[in-house]
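The values are calculated or read from the model by the stated rules, or taken from the named source; none is laboratory data. Everything numeric in this text was worked out from a predicted model, so none of it was measured. Every residue, glycine among them, receives a Cβ derived from its backbone with ideal geometry; neighbour counts consider all protein chains shown. We work out accessible area using only protein heavy atoms, side chains counted, and drop any ligands, DNA or RNA first. Shrake-Rupley method; radii C 1.70, N 1.55, O 1.52, S 1.80 Å.
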Amino acid sequence: MQPASQDPRAGPVAVIGAGVAGLITAHTLIRDGFDVHILTRDAQVGGVWERDRIYPGLYLNHVHGEYRLSPLKMPPSSAPGGRLTGEDVANYVDAFARNFLQGKIQFDTDVRNIRRSPSGGWLLDLRHLRTGVEETRTYARLVVCSGGCSSPHIPSRLSREAATAAGYKGLVFHSADFSQNIEPMLSQTSGASGPDRWPIVVIGGGKSAQDICAFLANEGRDVTMVCHRLDAFTAAPKPPPNFLRRSRLASLLSPHIHLRTSIERFLHTTWVGKRIVDSVWRGMEEDAFRAANIPRDSPLRNTVRPFWHIRVNDEGVPRPNGFHALAAAGKIKVLTPAHAVKFGDDGLSVVLGDGSLLRASTVVLATGYKSSWSDLFDRNTIEELGLDPQPANTNTTHRWDYTTLSDPPPTHPDVELWASHLINGLVPAKNIARRDFAVNGACVTANNAYTVEVASHWISSYFLGDEMRIPKTPEAALAAAERQAAWLKRRYPEIPSALHPSHTAYLAFWTWPQHVDDMLEDMGLPIMRSGGNIFTWPFKVIDSDEIQHLKEERDARRATFRA
């Protein structure tokens, strides 16, 4: 723990990012007595849910189906089927900031560089976007909540510069800029003939690509999707009961780095358990296709396998104007497996991997995002902290002889080469003993709000110097990080998570309840909070109210240690 003579609350704390992770992290730190400044280059709160980034037809895609923090209830959605829309989440985040963080957020503040101060703490070079004024500030501690959806990844051969060099005449933009380009794109293709009537081409098969295709098809535009594989999805003819959707049941059917309960050990270490797990996952895939009326020979079935992946979206009850219904009806053309290589020399097309030309009036690049950290830290700081991908240990002795992992898909080449050294996606192993730097929002889960709220308490306890179940030295932390990296390689062999560390430093998608329990155990707090007896606990609904008193629990434990 922190020596009593040193007040860990001395000096300001910078929280970078005003998305959900940044807001709840700041709120928790403030309640623990820290002086917090939230820095964001945006003009409004929300991060990925900031109002300028949401667009018509955007729905929450979390499999858990909920997105709220314990201090503030979320009003029910007015959308058909009760699914949360982008507008719902934006309204909620605005309300959270108004209620709890008035005067704490510094908008239009771009963090240009972060480096360690020779005298301790952190130096941040800032530029105020409205005035152009630049300054350097010193902070005692730093939490980076910049997430993974703020820096678009644009393949160089599909960039605007490549389009200009090829003489391409249409619009080219990333899906992050879709809302700003809706009007010019629709105006260009309204009542058009000739090149302007050629399809709008959306490159990518993820949730953003699907939403954009659906929006354009509903606007009466010809649209073609080009992708290697589509995201998997869950769907049902009617909303599933909460004891199935919002309980621990799905998490028990996915293996975790350690198996805490007897039912998990049965399901994942016996051949009978494997047969049960495999059957459930196959049934879930087929149920989703059937609910969406997708024929067996449809390209829409070319999806990732949901057991092995994190690209899984919740479609709820499929809508007649949703992506899958429109594509199945031929109103969206889907080319998969396929990939766009470059712009054609004719100035009118994109070239596909098989050499064919695809005419396009507009090209929307739904090609994902890159790590936001390269824009925040100088090279020396990234290396000092160990934030960049680290060479993977190819001689690891860590093994998980889980029967459910006995027939994995091929391993992505980059998974073999690179690993992340962030402990639980929260703290760089190299910096574990300093307790002055943390990350929130870099772990992919199916219930992001619940997970980042528990993580915010973990970070605050870490900064306060509380007694925690964490490695005490950088050497021990590196050993723990190596074990986690070996686990991610075993569990998610198709996902090179280390290459996108600001978003996928750790993956606990289906097993987010177990991951949350790990963080609670690190803080010495009770786990598996939803209750239930030996028969009912897997079906108990997980609710954010069960973590609303974590501060008081941490305070009581701290007092016990200091007594």
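Tabulated results
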| item | result |
| --- | --- |
| Between region 50-116 and region 430-446, the alpha-carbon center distance in angstrom | 22 |
| Residue-span extension gain [H128 to E161] - 0.36 nm each, minus C-alpha spacing | 9.1 nm |
| Sparse-neighbour loop sites [trypsin sites (Lys or Arg not before Pro); region 393-461; at most 15 other C-beta within 10 Å; DSSP] | R399, R434 |
| Using alpha-carbon coordinates, inclination of helix 86-100 to the longest axis of the chain, degrees | 30 |
| Reach of K472 by Cα under 28 Å, taken over lysines that are not fewer than 8 positions away in the same chain | K430, K489, K551 |
| Average accessible area per residue (Å²) across the chain - probe 1.4 Å, nucleic acids and ligands excluded | 41 |
| Straight-distance crosslink candidates among lysines, where the alpha carbon sits under 23 Å from K540 and sequence neighbours closer than 8 are dropped | K73, K238 |
| Qualifying lysines (Cα of each under 20 Å from Cα of K331; at least 8 residues distant if same chain) | K207 |
| Within the chain, percent of DSSP bridges classed antiparallel, to nearest 5 | 40 |
| Simple label model, 7 Å out from Cα along Cβ direction - T261 to Q548, nm | 2.4 |
| Low-density loop cleavage sites - trypsin sites (Lys or Arg not before Pro) in region 45-96, where at most 13 other Cβ are within 10 Å (DSSP) | K73 |
| Estimated vicinal HN-Hα couplings, Hz - region 381-397 in sequence order (Karplus 6.51, -1.76, 1.60; Gly, Pro = x) | 5, 4, 5, 4, 7, x, 7, 7, x, 9, x, 6, 7, 7, 10, 4, 9 |
| Residue-count net charge about R529 - beta-carbon cut-off 10 Å; Lys, Arg +1, Asp, Glu -1 | -3 |
| Degrees, to the nearest 10: 271-291 long Cα axis against longest axis of the chain | 50 |
| Net +/- balance of residues flanking Q180 in space, Cβ distance below 15 Å, scoring K and R +1, D and E -1 | -2 |
| Neighbourhood charge, 15 Å Cβ-Cβ cut-off, centred on P408 and excluding it, Lys, Arg +1 and Asp, Glu -1 | +1 |
| Probe 1.4 Å, all protein chains present, accessible-area order of M528, M74, M225, largest first | M528, M74, M225 |
| Region 322-411 - percent of accessible surface contributed by carbon and sulfur, probe 1.4 Å | 49 |
| Accessible surface of region 229-279 [probe 1.4 Å, protein heavy atoms]: carbon and sulfur percent | 64 |
| Cα lying deepest toward the dipole's positive end in region 287-441, options V304, A327, S406, charges on Cβ | A327 |
| Rounded tilt (10° steps) of 512-522 against the dominant C-alpha axis of the chain | 20 |
